[in-house]
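J.: Below: one structure in structure tokens.
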Amino acid sequence: EPVGVVAAIVPWNYPLILLMNKIGPGLVAGNCIVAKPAPTTPLTALLFGEICRELLPPGVVNIICDRNDLGDALTGHPDIAMLSFTGSTATGRKVMAAGAQAIRRVSLELGGNDAAIVLDDADPVVAARRIFAGAMMNAGQVCVAIKRAYVPETMMDPFCDELVRLAQAHIVDDGARQGAQMGPLQNAAQYEKVKALLAETAELGRVLTGGAAIDRPGYFIAPTIVRDLPDDARLVREEQFGPVLPVLSYRDIDEAVARADAGDYGLGGSVWGRDVDRAAQVAMRMGSGTVWVNQHAALDAAIPFRGARQSGMGGDLGQDGLHEYTQAHIVNIALGRGV
């Protein structure tokens, strides 16, 4: 059965598709939705609401916008039966706490610090090209973007050389202009956070290219490649959510897996190598909700997507994602024993 009224709260990096991941199964399961987009990206959700107004009965899909000041009112409202949230781990804790007050259903898809492990049988140039794409998509503003790369010591130089070539050739510009490959960061707060991380990183590791904001109007950050950082650097431990990729060397695969899994996050990860069976075995050892082999962020609406540890609980997509929006109702009948 449907759970009732679902509060769907989504972030600014993919404001429409993440909303659809919640509204779709929510409606299929028979619920009504109150959706709140991020304060900096309300327009696509509002346009979708206009479309819903022409097609659905009043109150089935509701869009509310705020200045980041209605979250508590929505998550604490007594008529809300389920909280479905995608966003940062810090905000996810607050949503979970609000749900605990009335024991509401809570589904959380939170932050990630996805690690890519390159095996010693991989082609370093080919792996670098694919990992660069997985790190820089949407200017790194993706929960499952590659946030760290672990590479065998013997492969570090060719791997990093190719990353530097790609970063320097990457066209950073207004996304409305023909030929642009990467746009700006989405908002001032994220821009300042990434700049602070870069300033700190320059003192701890080797910035091979980039490492600063681009001198032009807008929140543009140069694609940045960093190597030789210590594991306790913030750029390694935290989610940068920007076009910055730290490359870390390792000597044996046990060490690589242990270091990749160190920390609180467990959203996604990937393993890269010629021997697919061996790469799959390494992937099975990684403690993330989704681990890809020789690809990254290959999302499919038919496959459940959910994080481990502080990257979330519950999740979206697939049959499992649909069932999140339902309440089991068991009627157990004794046949032939009417009274």
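J.: If you place +1 on the Cβ of every Lys and Arg, -1 on the Cβ of every Asp and Glu, and leave all else neutral, what size is the dipole of the stretch 121-266 about its Cα centre, to the nearest 20 Debye?
T.: Approximately 540 debye in magnitude.
J.: Label 7 Å along Cα→Cβ of residue 138; the stretch 1-15 residues with amide nitrogen under 17 Å?
T.: Inside the label zone: 9-15.
J.: Here is a further query. Straight-line reach only, C-alpha to C-alpha below 22 angstrom: list the lysines that residue 195 could link to, leaving out same-chain residues fewer than 8 apart.
T.: 147
J.: At 0.36 nm per residue, and after removing the present C-alpha to C-alpha distance, how many nm does the segment from residue 90 to residue 70 gain when stretched out fully?
T.: 5.5 nm
J.: Determine the calculated [θ] at 222 nm for the chain from helices alone, applying -39500 (n - 2.57) to every DSSP H run no shorter than 4 residues and normalising by the residue count; nearest 500 deg cm²/dmol.
T.: Using -39500 (n - 2.57) per qualifying helix, the result is -10000 deg cm²/dmol.
J.: In a GNM of the chain with a 10 Å cut-off on Cα contacts, which of 36, 22, 94 has the highest mean-square fluctuation?
T.: Maximum fluctuation in the GNM of the chain, among the listed residues, is at 94.
J.: Report ³J(HN,Hα) in whole Hz for each residue of the stretch 241-248, in order, from the Karplus equation J = 6.51 cos²θ - 1.76 cosθ + 1.60 where θ = phi - 60°; Gly and Pro get x.
T.: With the stated coefficients, the stretch 241-248 comes to 6, x, x, 10, 10, x, 10, 10 Hz.
J.: What share of Cα pairs, in percent, lie more than 24 angstrom apart in the stretch 147-281?
T.: 35 percent
J.: Mean separation of Cα pairs under 8 Å and 6+ residues apart, divided by the residue count of the stretch 204-306: what relative contact order is that in percent?
T.: Relative contact order comes out at 17 percent.
J.: Moving to a separate point now. Quote to one decimal, in nm, the extra length available between residue 200 and residue 262 on full extension: 0.36 nm per residue of separation minus the C-alpha distance between them.
T.: Difference between extended and current length: 20.2 nm.
J.: Something else about it: Could you give the length gained by full extension between residue 174 and residue 103, i.e. 0.36 nm per residue of separation minus their alpha carbon distance, to one decimal place?
T.: 21.0 nm
J.: Mind listing the long-range amide H neighbours of residue 249? Cut-off is under 5 Å, sequence gap 5 or more, other chains count too, H placed in the peptide plane at 1.01 Å from N.
T.: Answer set, sorted by chain and number: 151, 228.
J.: Next up: Among 243, 46, 268, whose Cα projects farthest towards the positive end of the dipole of the chain, with charges put on the beta-carbon of Lys, Arg (+1) and Asp, Glu (-1)?
T.: 46
J.: Still on this structure, I have one more. Picking from 207, 291, 151, which is most flexible by a Gaussian network model of the chain using Cα springs under 10 Å?
T.: 207
J.: Around residue 209, what is the net charge, scoring Lys/Arg as +1 and Asp/Glu as -1 over all other residues with Cβ under 15 Å from its Cβ?
T.: Computed value for this residue: -1.
J.: Under a point spin-label approximation (7 Å from Cα along Cα-to-Cβ), what is the residue 215-residue 313 distance to one decimal in nm?
T.: If labels sit at residue 215 and residue 313, their model points lie 5.1 nm apart.
J.: Evaluate E = 1/(1 + (r/R0)^6) for residue 181 and residue 333, where r is the Cβ-Cβ distance and R0 equals 35 Å; express this FRET efficiency to the nearest 0.05.
T.: After rounding, the FRET efficiency stands at 0.05.
J.: Points 7 angstrom from Cα along the Cβ direction at residue 43 and residue 299: gap in nanometres?
T.: My value for the distance between the label points is 2.2 nm.
J.: Still on this structure, please answer the following. What are the lysines whose alpha-carbon lies under 20 Å from the alpha-carbon of residue 22, with same-chain residues fewer than 8 places away excluded?
T.: Hits, sequence-local ones excluded: 36, 94.
J.: I want the antiparallel fraction of DSSP beta bridges within the chain, as a percent rounded to 5.
T.: Bridges in the chain that DSSP calls antiparallel: roughly 20 percent.
Each value in this text was obtained by applying a stated rule to the coordinates, not by laboratory testing. Keep in mind that this is a model prediction, so the values were computed, not measured. Backbone-built Cβ (ideal geometry, glycine too); neighbour counts: all protein chains shown.
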